[in-house]
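All remarks here apply to the structure that follows.
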Amino acid sequence: MVEQKEQLYEGKAKKVYATSDPDLLIVDYKDDATAFNGLKKGQIVGKGVINNRMTNYLMQKLEAEGIETHYVEELSDRRTLVKNVKIVPLEVIMRNVVAGSLSKRTGLAEGEKPSMPVLELYYKSDELGDPMINEDHALAFGWATRDELDVISATARKVNAILTEFFAGVGVDLIDFKIEFGRYKGRVILADEISPDTCRFWDSKTKEKLDKDRFRRDMGGVEGAYQEMMRRIGLK
Ligand code: TMP
């Protein structure tokens, strides 16, 4: 049995603990919610449990399709044992439909469909508000190597294809999502979370938003949207 040790880190949505095995960590999902780089703060009751369980379900699905992830074992409703990766300081966003900051940056209407999925890179820095960058920046400033970027973009596109098909099957359009990668024993593997905090989910028929945009935009019905996504996936 792996034992939980000292807290290493507390982020906006999760706490991370060391364990008795140096190769493993425990993540503990909170109900705390922030938006706009922490400017807006609140709670989404039950979110920690939902994000933990949904992330683990999706990570296992991706593993079954040949994508290595940091997932090891769900320990409780909010806590999961994961591989002790060193996070690559990049946020990788895949977009299938125009929304959010892409709509703001380009003036294209939310809901417009690009002719192909769009991959974006952001530099992970709370102080800078996660600025958008490109591959040259990542290479030139040593944030990732050429080989790592190749693995990251091929994996991100494969994750997008698998998740888009899966969510379509439960009546949900996967509009866009953010993923992160970590270095582990010489490999770059999928890490962090995949949840309504980090994805945009729209009901395929009504286009109702079933994700954190309801919190970001003060739309109400936040908890209900998260619960509805669990129900769609068959987790409740
Ligand atoms: P954006 O349109 O605001 O750039 O967001 C794109 C996607 O990334 C959306 O699904 C929400 C997710 N996201 C995060 O997971 N964390 C963040 O800090 C931001 C800004 C977006």
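The values are calculated or read from the model by the stated rules, or taken from the named source; none is laboratory data. Quantities reported herein were computed from a predicted structural model and do not represent experimental measurements. Cβ coordinates were reconstructed from backbone atoms using ideal geometry, including for glycine residues, and neighbour counts include every protein chain displayed. The accessibility values were calculated without ligands, DNA or RNA, using every heavy atom of the protein model including side chains. Shrake-Rupley method; radii C 1.70, N 1.55, O 1.52, S 1.80 Å.
Overview of results
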{"quantity": "LYS61 vs. criteria open to solvent by 20 Å² or more (accessible area, probe 1.4 Å), in a helix (DSSP H, G or I), farther than 20 Å from GLY221 by Cα and not polar (S, T, N, Q)", "calculated": "yes"}
{"quantity": "Among residues of region 28-58, those that are in contact (Cβ under 8 Å) with a residue 12 or more places away in the chain, within 16 Å of the ligand (Cβ to nearest atom) and part of a strand (DSSP E or B), counted", "calculated": "7"}
{"quantity": "Matching entry among VAL72, VAL49, VAL45 (being under 22 Å from VAL159 (Cβ atoms) and modelled with pLDDT of 95 or more)", "calculated": "VAL72"}
{"quantity": "One residue from ASN84, ASN160 being within 16 Å of the ligand (Cβ to nearest atom) and of a type outside the set (A, V, I, L, M, F, W, C)", "calculated": "ASN160"}
{"quantity": "Test: GLN7 is modelled with pLDDT of 95 or more, surrounded by fewer than 21 Cβ atoms within 10 Å (Cβ to Cβ), part of a helix (DSSP H, G or I) and not acidic (Asp, Glu)", "calculated": "no"}
{"quantity": "Matching residues, region 174-201, being free of Cβ contacts under 8 Å to residues at least 60 places away in the same chain, buried (at least 19 other Cβ atoms within 10 Å of the Cβ) and not hydroxyl-bearing (Ser, Thr, Tyr)", "calculated": "CYS199, PHE201"}
{"quantity": "MET116, sole failed condition from (1) open to solvent by 60 Å² or more (accessible area, probe 1.4 Å); (2) assigned to a helix (DSSP H, G or I)", "calculated": "(2)"}
{"quantity": "Pair list, Cβ < 9 Å and 6+ apart or interchain, from region 143-159 residues that are at pLDDT 95 or above to residues that are of a type in the set (Gly, Ala, Ser) and surrounded by fewer than 15 Cβ atoms within 10 Å (Cβ to Cβ)", "calculated": "LYS158/GLY66"}
